[in-house]
Amino acid sequence: MENRYNALRLNHYDNIAVALKNISIGEKIIIQGLKEEVITIKDIPYGHKVALNTIQEGEKITKYGECMGISTEEILEGDHVHVRNVRGLNENERLNIINQPLK
């Protein structure tokens, strides 16, 4: 049986996945190698990010195994991760992340 993945987690450290198609509210996120069941709580447009677990306010958004931003509010599992709930890194945050040892 062929699996039909609808999202992609780019690195095993990521707390988000990228939608490979428009994903409707209430749809299960299907990712290769992901054992947990994640159900969307909002529509996720193609190419947009979805939270794979609850992300607390002020927590790092991790994509490609790297911090891509900081959550500005609690983001629930299955929620759309976008500019309304994520901010970019400031210069000090970028420098701190660059200077951290590799995982």
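Please treat every number below as a calculation from the coordinates, not as lab data. Source: prediction; values computed, not measured. Here the Cβ is made from the backbone with ideal geometry for all residues, glycine too, and neighbour counts use every protein chain on show.
For region 70-103, the tally of residues that are touching a residue at least 24 places away in the same chain (Cβ under 8 Å), under 19 Å from Val18 (Cβ atoms) and outside any strand (DSSP E or B) stands at 5. Does region 60-69 contain at least one residue that is in a strand (DSSP E or B), in contact (Cβ under 8 Å) with a residue 12 or more places away in the chain, in contact with an Asp or Glu (Cβ under 7 Å, 6 or more places away or on another chain) and hydroxyl-bearing (Ser, Thr, Tyr)? Checking region 60-69: at least one residue is in a strand (DSSP E or B), in contact (Cβ under 8 Å) with a residue 12 or more places away in the chain, in contact with an Asp or Glu (Cβ under 7 Å, 6 or more places away or on another chain) and hydroxyl-bearing (Ser, Thr, Tyr).
This table checks each residue for (1) surrounded by 12 or more Cβ atoms within 10 Å (Cβ to Cβ); (2) closer than 23 Å to Glu91 by Cα; (3) among the acidic types (Asp, Glu).
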{"site": "Glu36", "(1), (2), (3)": "no, no, yes"}
{"site": "Asp43", "(1), (2), (3)": "yes, no, yes"}
{"site": "Lys60", "(1), (2), (3)": "yes, yes, no"}
{"site": "Lys63", "(1), (2), (3)": "yes, yes, no"}
{"site": "Glu66", "(1), (2), (3)": "yes, yes, yes"}
{"site": "Thr72", "(1), (2), (3)": "yes, yes, no"}
{"site": "Asp79", "(1), (2), (3)": "yes, no, yes"}
